[in-house]
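Right, one structure below, let's go through it.
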Amino acid sequence: MASFSDSSLLFLSILFLISLALPRSDAKFTRAVFNPTRVTQLSWNPRAFLYKGFLSDDECDHLITLARDKLEKSMVADNESGKSVASEVRTSSGMFLEKHQDDVVAAIEQRISTWTFIPEENGESIQILHYKNGEKYEPHFDYFHDKNNQALGGHRIATVLMYLSNIEKGGETIFPNSEGKLSQPKDDTWSDCAKNGYAVKPRKGDALLFFSLHPDATTDENSLHGSCPAIKGEKWSATKWIHVRSFDRVMPQQSADGCEDQNVQCAQWATVGECAKNPNYMVGNKKSPGFCRKSCGVCSQ
Ligand SMILES: O=C(O)CCC(=O)C(=O)O
């Protein structure tokens, strides 16, 4: 008959064997805590901040693995219609993850929200980008020029760009209008493209946060930014675009007479006087109707 200590040993051995059989992947993804001492301010115009080591190497590799087989040519939003169109302005490939796609993605999304002080629901799902030799994203704004893209969540207020790989040369994120562009020293390790503005070198795990709107919610032209061409090596990055309001709320369908509110908060805004204070957005005009015509009581006009 087995003694007490023998059976305890047997029990512990079984527990050990079970633990070996469990998926190992969780073990390497320890929940990273937001650490403000790793953040430095890069520029005030635009407001831009760098977080060193925002993602672990394992998190970077995991995001790349989720995306690698699903990449498609990157698109841009047409300034007039807001529709996604192919353009020589952006030659990378990419794909969107799903929000909270798995525990690793959910933890990263939560960390972004903690860092930016903006609720997770205001964020789009993370976009993974891949730049091969010569591929780039010409300088552009992340805020929109068309109304269709502002209907859900309003303007993009901020962007968090996470670098998932190191690259030997090129691939810098560049801010051509930044105040710091003349004072940033650059040696030969920078690409020529990077010399045309304030630039950030991609380093695996680092994250760049910049704001596309001023604190008074007007658009910031200094937030113009792009990705310099990859020269030696390839670049992987992940973008989280964050809006001024929730990006998760489902919009009501437009009725045949075009007189449904286009935002769930229209009635509340109308009550506090936004139809008069913010007529462009709320009421609009014949050519470009506003988003809250029903709540503003202008449907028959
Ligand atoms: O990958 C980069 O450095 C820039 C990406 C970018 O501009 C964007 O996603 O809006």
If Glu179 passes every condition in (1) more than 22 Å from Phe49 (Cα to Cα); (2) surrounded by fewer than 15 Cβ atoms within 10 Å (Cβ to Cβ) but one, which one does it miss?
(1)
Can we say Phe247 is hydrophobic (A, V, I, L, M, F, W, C), under 30 Å from Asp58 (Cα atoms) and at pLDDT 95 or above?
no
Might you let me know whether the range 222-232 holds any residue that is away from the ligand (no atom under 16 Å from the Cβ), within 23 Å of the chain's Cα centre (by Cα), surrounded by 16 or more Cβ atoms within 10 Å (Cβ to Cβ) and of a type in the set (Ser, Thr, Tyr)?
no
Go through the range 155-180 residue by residue and tally those that are farther than 19 Å from Thr116 by Cα and either assigned to a strand (DSSP E or B) or of a type in the set (Val, Ile, Thr) (or both).
6
Of the conditions (1) more than 17 Å from the chain's Cα centre (by Cα); (2) buried (at least 21 other Cβ atoms within 10 Å of the Cβ), the single one that Ala207 does not satisfy is (1)
Within the range 117-154, the count of residues that are surrounded by fewer than 19 Cβ atoms within 10 Å (Cβ to Cβ), within 14 Å of the chain's Cα centre (by Cα), within 15 Å of the ligand (Cβ to nearest atom) and assigned to a loop (DSSP other than H, G, I, E, B) comes to 3
For the range 155-166, pairs from a residue that is under 16 Å from Ala199 (Cα atoms) to a residue that is among the aliphatic types (A, V, I, L, M) and within 10 Å of the ligand (Cβ to nearest atom), with Cβ under 7 Å and 6 or more apart or across chains, are Leu161/Leu208; Met162/Ala238
Hey, does the range 19-34 have a residue that's among the hydrophobic types (A, V, I, L, M, F, W, C), farther than 25 Å from Val105 by Cα and modelled with pLDDT under 95?
no
Looking at Asn122 and the list (1) within 21 Å of Ile231 (Cβ to Cβ); (2) in contact with an Asp or Glu (Cβ under 9 Å, 6 or more places away or on another chain); (3) of a type outside the set (Gly, Ala, Ser); (4) modelled with pLDDT of 95 or more, which single condition is not satisfied?
(1)
Any idea which of (1) surrounded by fewer than 17 Cβ atoms within 10 Å (Cβ to Cβ); (2) β-branched (Val, Ile, Thr); (3) modelled with pLDDT under 90 is the one Thr114 doesn't satisfy?
(3)
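The values are calculated or read from the model by the stated rules, or taken from the named source; none is laboratory data. Just so we're clear, the structure is a prediction, and the values are computed from it rather than from any experiment. Don't worry about glycine lacking a Cβ; one is built from the backbone with ideal geometry, like all the others, and counts go over all protein chains shown.
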